1. Residue by residue, what Karplus-based ³J(HN,Hα) values in Hz, rounded to whole numbers, does the stretch 266-275 have, using 6.51, -1.76 and 1.60 with θ = phi - 60° and x for Gly and Pro?
2. Once the stretch 203-287 is represented by equal point scatterers at the alpha-carbon sites, with solvent omitted, what log10 I(q)/I(0) does the Debye formula produce at q = 0.11, 0.18, 0.23, 0.27 Å⁻¹?
3. Evaluate the distance, in nm, between pseudo-label points positioned 7 Å from the Cα of Met390 and of Leu406 along their respective Cα→Cβ axes.
4. Quote to one decimal, in nm, the extra length available between Val354 and Arg38 on full extension: 0.36 nm per residue of separation minus the C-alpha distance between them.
5. If I model the chain as equal point scatterers sitting on the Cα atoms and use the Debye formula, what is log10 I(q)/I(0) at q = 0.10 Å⁻¹?
6. Per residue of the stretch 281-290, in order, report the coupling 6.51 cos²θ - 1.76 cosθ + 1.60 (Karplus, θ = phi - 60°) as ³J(HN,Hα) in whole Hz, putting x for Gly and Pro.
7. I'd like the carbon and sulfur percentage of the solvent accessible area for the chain, probe radius 1.4 Å, heavy atoms only, ligands and nucleic acids excluded.
8. Quick check: residue separation of Gln240 and Glu142 times 0.36 nm, minus the Cα distance between them. What number comes out in nm?
Amino acid sequence: MEMDSMAASIGVSVPVLRFLLCFAATVPFSFLCRFLPRGLPKHLYSAAVGVSLSYLSFGFSSNLHFLVPMLLGYASMLLFRPRCGILTFFLGFGYLIGCHVYYMSGDAWKEGGIDATGALMVLTLKVISCAVNYNDGLLKEEALREAQKKYRLVKLPSLIEYIGYCLCCGSHFAGPVYEMKDYLDWAEGKGIWSPDAKGPSPSPYKATGRALLQAGICMAMYLNLSPHYQLSKFSDPSYQEWSFWKKLSYQYMSGFSARWKYYFIWSISESSIIISGLGFSGWTDSSPPKPRWDRAKNVDILGVEFAKSAVVIPTVWNIQVSTWLRHYVYERLIQNGKKPGFFQLLATQTVSAVWHGLYPGYIIFFVQSALMIAGSRVIYRWQQSVPPTMALVKNVLVFMNFAYTLLVLNYSCIGFMVLSLHETLASYGSVYYVGTILPIVMILLGKVIKPGRPARSKARKEE
């Protein structure tokens, strides 16, 4: 009864409240992890806390679901090492897609419900990256990219190390995604976590406090804004009577309001990873040096809301998943000696869409985002070709790219939120598909109005 009244007071369902309580509990549990001896005790604790919080949040079946990709990945590494990366990729995604279809989780999330599918999404990426890196351990180092060299696994992790990595203190709930190599170094006190490493042991408390304060602000913003910008409005007949600019501004505010929910979730997960120590990523070059916590960071709020170009969106939104997509999809589709093109971008966005679920809204959003980024690149190339003497023209192009990104991003994200094909097309059509037409026009203009060499290159040549 207490759970019912508490859930009603903040406007969520009881399952969502249960998840939020377990999710918040990852912070104190991660804090306790700091005081455990290195090695086996940390692995056992990480696994036990992850299993317990999953059970309390989603029920016993959640751990069975998590076990499937984990066992498939480990069996692939154990029995088929030369092909374990590609095997785990397709087996992991296959099982995730099956769960998406069976549970129709997108509908549940849209209606205020929750299930274990979101956590399974994060877990799938961790399982795949571990298998791919173990596969990379067989390859010659000179043939690898820098990220492959950094994260390759020569030795198979033990089963308890693997489970601890997958479920570490509930980090599979909402990320961030991190690498097995980093987890092992942290748990065993090696690398930058070694007592002999450069610099003193960093204090996580200031950074944790900042992340928790940010989480509180984000939750307040979401609770205040979301009641005023309901998704149901897009199918309301009165919405169709609005002017073009009013519809466009409502789309912007709907996307703006919804993003605070993600900012809140990622701020909590960031604080959890920071306070455990795993979020530490080294020291700055400043004097005195300051600790960096980049491994825990999943979003740069100001970077998203004031993005000067659509190209930077993957570097400021869902940062660790974007990094995963770059390392394990985008870069691996580039042929030796060739530059990446629209195919690699579209393929990466398609994998991201499938990872989220097979709803038409997701597919359309990520195809839209590929077009959005390609169009933004055209403007950026024009911007770079402007000589320093034409500062006004350059500033106009900078503003143009900012306005383009703001419009197309918030137009596109409606599909991500409403999910259904009918609602997505209806919302896009209500503003005459401006956010679809504009990127296509920019791409076509980029074929016609080809910029000269970047002004910086010309200056260097003259020197």
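1. 5, 5, 5, 5, 4, 5, 5, 5, 5, 5
2. Log-scaled intensity ratios, in q order: -0.47, -0.79, -1.02, -1.19.
3. It is 2.4 nm.
4. On the way: separation 316, 0.36 × 316 = 113.76 nm, distance 3.77 nm.
Computed gain between Val354 and Arg38 is 110.0 nm.
5. -0.81
6. Couplings: 10, x, 10, 6, 8, 6, 10, x, x, 10 Hz.
7. Numbers: 14840 of 22370 Å².
Of the solvent-accessible surface of the chain, carbon and sulfur hold 66 percent.
8. Details: separation 98, 0.36 × 98 = 35.28 nm, distance 5.91 nm.
Contour length minus the Cα-Cα distance gives 29.4 nm.
The values are calculated or read from the model by the stated rules, or taken from the named source; none is laboratory data. Please read all numbers here as calculations on a predicted model, not as lab measurements. Heads up, the Cβs are rebuilt from the backbone with ideal geometry, glycines too, and the neighbour counts pull from every protein chain shown. What goes into the accessible areas is simple: the full protein's heavy atoms, side chains included, and nothing from ligands, DNA or RNA. Shrake-Rupley method; radii C 1.70, N 1.55, O 1.52, S 1.80 Å.
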